[in-house]
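Every read-out reported here was derived from the displayed coordinates using simple, explicitly stated rules and does not represent laboratory data. These figures come from a predicted structure and were not determined experimentally. Ideal geometry is used to build each Cβ from the backbone, glycine not excepted, and the neighbour counts take in all protein chains shown.
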2 protein chains.
Amino acid sequence: MDALSPSLSQEVNQLHADICSALADPTRILLLYTLSEGPRTVNELTVEFGAPQPTISRHLKTLRERGLVIATRKGQMVEYSLADKRLIQALDLLRAVLRDGVLRRAIVVQEVD
Amino acid sequence: MDALSPSLSQEVNQLHADICSALADPTRILLLYTLSEGPRTVNELTVEFGAPQPTISRHLKTLRERGLVIATRKGQMVEYSLADKRLIQALDLLRAVLRDGVLRRAIVVQEVD
DNA sequence: TCATAATATGCGCTTATCCGAATAAGTTTA
DNA sequence: TAAACTTATTCGGATAAGCGCATATTATGA
């Protein structure tokens with residue numbers, strides 16, 4: 001247990017980073033925000049995003065593998081839902097950080113009267 | 001402005017994802033947690049992490065470019081500090097999500113009385 | 001200015017990620 | 001079982017991220 005502690009926390013840190021890398025894509029962020037409004041089937045998401053179905057499925061797989069979304073079979077379709085509402089809280093915090101700091105430097109904001 | 005709106009929000013989403021991808025590395029997560037305790041010079045971080053100095057510098061650059069940390073020259077050294085405490089709140093939320101959901105599936109937890 | 005200390009960057013390499021296109025796999029109804 | 005529908009996976013090529021190593025930059029002090 002003495003020897004396990006460091007490698008365990010290393011492993012936890014890696015999993016922590018893995019969650020972040022699941023968030024590191026604009027489409028996946030939008031998927032999470034969409035699912036925060038309620039469960040959706042793959043087809044509904046495909047239509048809503050106007051993206052190829054394999055693309056949506058692959059993004060959902062990334063999120064599912066890391067436990068951020070939950071897949072439930074409903075007949076021949078699969079319904080996806082958000083695994084934890086705190087994901088949205090975290091994303092909102094990061095967006096606030098963006099607004100208050102990074103945004104100003106990255107985009108030329110045109111001040112209108 | 002009608003035509004700019006979608007591309008602007010796309011750009012914001014990309015920046016949002018960029019912040020997340022800055023978090024998508026165990027070393028950078030530890031750097032942020034360390035800086036949340038107070039500012040550190042590159043050398044202090046290098047010693048504390050036991051990692052090569054160029055590695056630390058490159059990670060800090062990644063964080064700095066995205067506005068997550070702030071660099072201040074102090075004589076011949078550069079002091080880094082956390083740009084926004086909400087980053088830690090967000091990381092803590094994600095770690096809580098990890099604890100409550102993913103961890104159980106990823107690591108064999110040995111239940112000891 | 002020269003030497004030294006602290007930090008940053010460039011280069012070559014390996015590894016990971018993303019996308020499109022095609023295809024496979026599971027489910028329902030006939 | 002066959003056909004239709006929904007979802008998942010695989011492959012190949014392009015792009016980006018990571019690391020170790022060497023070196024460049026900036027600042028201090030003699």
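For the pair the stretch B:38-83 / the stretch A:53-98, the C-alpha centres are spaced 33 Å from each other.
Distances between placed amide hydrogens fall under 5 Å for residue B:41 paired with B:80, all partners being 5 or more residues away or on another chain. Averaged over the residues of peptide A:21-32, the number of Cβ atoms from other protein chains lying within 10 Å of each residue's Cβ is 5.
Within the stretch B:81-98, list the residues whose amide N lies under 17 Å from a label point set 7 Å along Cα→Cβ of residue A:100. In the stretch B:81-98, the label zone of residue A:100 (backbone N under 17 Å from the point 7 Å along Cα→Cβ) covers B:81-93.
Summing charges over neighbours of residue B:26, with a neighbour being any other residue whose Cβ is under 11 Å away from its Cβ, gives -2 when K and R count +1 and D and E count -1. Counts of other chain beta carbons within 10 angstrom of each beta carbon in peptide A:78-89 average 3.
Counting only lysines at least 8 places from residue B:61 when in the same chain, those with an alpha carbon closer than 30 Å to its own are B:74, B:85. Just to confirm a number: summing +1 for Lys and Arg and -1 for Asp and Glu over residues other than residue A:79 whose beta-carbon lies under 11 angstrom from that of residue A:79, what do you get? My count for the surroundings of residue A:79 gives +2.
Enumerate the residues in the stretch B:7-37 having an amide nitrogen under 20 Å from the point lying 7 Å beyond the Cα of residue B:58 toward its Cβ. Counting only backbone N, you get B:18-32. Neighbours of residue B:12 by Cβ distance under 10 Å: Lys/Arg scored +1, Asp/Glu scored -1, total +1.
Just how large is the dipole of the stretch A:32-80 about the Cα centre, in debye to the nearest 20, putting +1 at every Lys and Arg Cβ and -1 at every Asp and Glu Cβ?
Computed about the Cα centre, the dipole is about 240 debye.
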